[in-house]
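Have a look at the structure below before the remarks.
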């Protein structure tokens, strides 16, 4: 189990975190949808976010090992801004959350969520956090509800080009 004091949420950067984030996205697609992603395509997609901050930001949770002077990326999350003309402010959408299996059930997503929530609370440019979840992923839904999120207002409809 990780020592919470050794965990930190930081904004990701391409030099230190690209490989971990790409690997996390590939693992998540495999775990959640049994989908095998092309690593080169995923790398290009993740890099595109780093290249254009208007597309979003990645955050990572890192564990620091002081005795080894090393850092391990144990989770990542993509945030995407959505402008609301109704609110004259930005909603932050949470996407692509991944926590390394041996670090799950240690409140790491809760730490990442709290980090973002504090950004929304302290900055008038933001008004909400939102995410979507696969309706079959009851475990994640329970986590989101425990954090105070709800699904009272919207249903998600989509069309995906095949």
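The values are calculated or read from the model by the stated rules, or taken from the named source; none is laboratory data. Just so it is clear, the model here is predicted, and its values are computed rather than measured. Backbone-built Cβ (ideal geometry, glycine too); neighbour counts: all protein chains shown.
Observations, loosely collected:
- One residue stands out among those in the range 94-103 that are outside any strand (DSSP E or B) and touching a strand residue (DSSP E or B) at 6+ places or on another chain (Cβ under 9 Å): the one that is nearest to residue 57 (Cα to Cα), which is 100.
- The sole residue among 99, 73, 60, 46 that is over 24 Å from residue 130 (Cβ atoms) and modelled with pLDDT of 95 or more is 73.
- Pairing residues of the range 12-34 that are without any contact (Cβ under 8 Å) to a residue 12 or more places away in the chain and at positive phi with residues that are surrounded by 20 or more Cβ atoms within 10 Å (Cβ to Cβ) and assigned to a helix (DSSP H, G or I), at Cβ distances under 9 Å and at least 6 apart in sequence or on separate chains, gives no pairs at all.
- Taken over the range 104-162, the criterion of being part of a helix (DSSP H, G or I) and more than 24 Å from residue 56 (Cα to Cα) is satisfied by 138, 139, 142, 145, 146.
- Hey, residue 143 at pLDDT below 95, closer than 20 Å to residue 30 by Cα and out of contact with any strand residue (DSSP E or B) (no Cβ under 9 Å at 6 or more places or on another chain) or not: no
- Residues of the range 81-102 that turn out to be surrounded by fewer than 18 Cβ atoms within 10 Å (Cβ to Cβ) and under 20 Å from residue 139 (Cβ atoms), as a count: 3
- For the residues 18, 78, the requirement of being farther than 25 Å from residue 137 by Cα and either buried (at least 16 other Cβ atoms within 10 Å of the Cβ) or modelled with pLDDT of 95 or more (or both) singles out 18.
- The set of residues in the range 147-162 that are surrounded by 10 or more Cβ atoms within 10 Å (Cβ to Cβ) and out of contact with any helix residue (DSSP H, G or I) (no Cβ under 7 Å at 6 or more places or on another chain) comprises 149, 151.
- Qualifying residue in the range 52-70 (condition: in a strand (DSSP E or B) and without any contact (Cβ under 8 Å) to a residue 24 or more places away in the chain): yes
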